[in-house]
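The values are calculated or read from the model by the stated rules, or taken from the named source; none is laboratory data. Computed from a predicted model, the values in this text were never measured in an experiment. Cβ atoms come from the backbone with ideal geometry, glycine included; neighbour counts cover every protein chain shown.
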Amino acid sequence: MTAVVRRVAVTADLGAALGDVVEVGGRAVVVLVGGAGGMDADALDAVTSLLTDHVVPLVVANDGVVVDGGTDTGVMRAMGQARTAAASAFPLVGVVAAGTVVLPGEPQRPGAFDTEPRHSHVIVVPGEDWGDESRWLDRVAALLAGPRPSVTLLLNGGAIAAADAARSIARGRPVVVAAGTGRLADAVAAAAVHTGAAAGTAGDVADTDADARAIAASPLTRVVPVIDGAALAAALAEVLGQERPQPSAAGTPSEHGDRLVQFDQPTEADMDVARDRPARDDVGLGPADLALGRTTSGAGDD
């Protein structure tokens, strides 16, 4: 399968680019953020099972769309594989910064990744560095959802995923964190239960502890153990506001117990604010700034 590829230069072009390939403003949206090259084999296996057994059926049941980082690695690759394995046709939209990926007919930049080949659509946005796509990904999800709900699923991840999650919170989009997938997700889970560093956190998470605490502190954040796929799907479905498919078997309880799932759910007022909030200039802000509601930096947009 060959993805439909569209390039945009400014955010004002996003609506037209998306409308050309997928319905804008009427689909439930799952924003998938998290680990790319920093995931170990056990975490990747857990993520792949979760996506295949629970997330893909949920997206299908809700006539939804998945938006992610679109590169052929980590959670993005696992999402493409899960969608293909289920023979599903829902739009899987990758948002990539031009300087970080290999594009047909263009010189290959050092360190560039291929786009994930099982995605249905790829939106190429300006940028030379990893993370430059973050604010664009947030806006793509908002445009596709329109008045419909959207939810972010955090799996593993590091500093870029922290920025993605914090932008979701700043927009009013709930974030469901899969504890037990490592790194940032486990740091957020640890912050949520005030137990210090969680097992399995490593790498650049040491530099994002403040961001993990800010994400955990938001009433829009909910932490669910990855081994309880049914509970995690239920948390996503609760935000999307539609029936979830019946699981084939009950999930396995976590050693963390119910402490990880007792977070406030967004109210209808929260969702109204999120839908009505215009795109903001958040260039130059860190994840903790965004999660705490700081939404201007003085930098120009586009």
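Results, tabulated for the structure shown:
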| item | result |
| --- | --- |
| Residue within segment 61-74 that is aliphatic (A, V, I, L, M) and under 16 Å from Gly37 (Cα atoms) present | no |
| Test result for Arg173, of a type outside the set (Asp, Glu), part of a loop (DSSP other than H, G, I, E, B), buried (at least 19 other Cβ atoms within 10 Å of the Cβ) and at pLDDT 95 or above | yes |
| Subset tally (residues that are at pLDDT 90 or above, of a type in the set (A, V, I, L, M) and over 16 Å from Val125 (Cα atoms)) for segment 1-49 | 7 |
| Given (1) surrounded by 19 or more Cβ atoms within 10 Å (Cβ to Cβ); (2) touching an Asp or Glu at 6+ places or on another chain (Cβ under 9 Å), index of the condition Val102 fails | (1) |
| Condition met for Val124 (in contact (Cβ under 8 Å) with a residue 60 or more places away in the chain and either hydrophobic (A, V, I, L, M, F, W, C) or farther than 16 Å from Ala78 by Cα (or both)) | yes |
| Condition met for Asp20 (surrounded by fewer than 18 Cβ atoms within 10 Å (Cβ to Cβ) and under 18 Å from Ala142 (Cα atoms)) | yes |
| Among the candidates Val56, Val8, residue that is β-branched (Val, Ile, Thr) and touching a Lys or Arg at 6+ places or on another chain (Cβ under 8 Å) | Val56 |
| Filter result for the condition that a residue is among the aliphatic types (A, V, I, L, M) and modelled with pLDDT under 95, over Leu154, Leu103, Leu137, Leu58 | Leu103 |
| Yes/no for Ala141 being in contact with a helix residue (DSSP H, G or I) (Cβ under 6 Å, 6 or more places away or on another chain), in a helix (DSSP H, G or I) and buried (at least 17 other Cβ atoms within 10 Å of the Cβ) | no |
| Test: Ala217 is modelled with pLDDT under 95, surrounded by fewer than 24 Cβ atoms within 10 Å (Cβ to Cβ), over 30 Å from Gly26 (Cβ atoms) and touching a strand residue (DSSP E or B) at 6+ places or on another chain (Cβ under 8 Å) | no |
| Segment 146-161 - residue that is hydrophobic (A, V, I, L, M, F, W, C) and within 10 Å of the chain's Cα centre (by Cα) and, of those, surrounded by the most Cβ atoms within 10 Å (Cβ to Cβ) | Ala161 |
| Enumeration of residues in segment 185-201 that are within 17 Å of Pro219 (Cα to Cα) and either modelled with pLDDT under 60 or assigned to a loop (DSSP other than H, G, I, E, B) (or both) | His194 |
| Every pair of residues 6+ apart whose Cβ atoms lie under 7 Å, when the first sits in segment 1-17 and is more than 16 Å from Ala97 (Cβ to Cβ) while the second is in a helix (DSSP H, G or I) | Gly15/Leu143 |
| In segment 24-55, the residues that are assigned to a helix (DSSP H, G or I) and β-branched (Val, Ile, Thr) | Val47, Thr48, Thr52, Val55 |
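Per-residue answers, yes or no, for (1) closer than 13 Å to Ile215 by Cβ; (2) in contact with a Pro (Cβ under 9 Å, 6 or more places away or on another chain):
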{"residue": "Leu154", "(1), (2)": "yes, no"}
{"residue": "Ala159", "(1), (2)": "yes, yes"}
{"residue": "Ala165", "(1), (2)": "yes, yes"}
{"residue": "Pro174", "(1), (2)": "yes, yes"}
{"residue": "Thr181", "(1), (2)": "no, no"}
{"residue": "Ala189", "(1), (2)": "yes, yes"}
{"residue": "Val193", "(1), (2)": "no, no"}
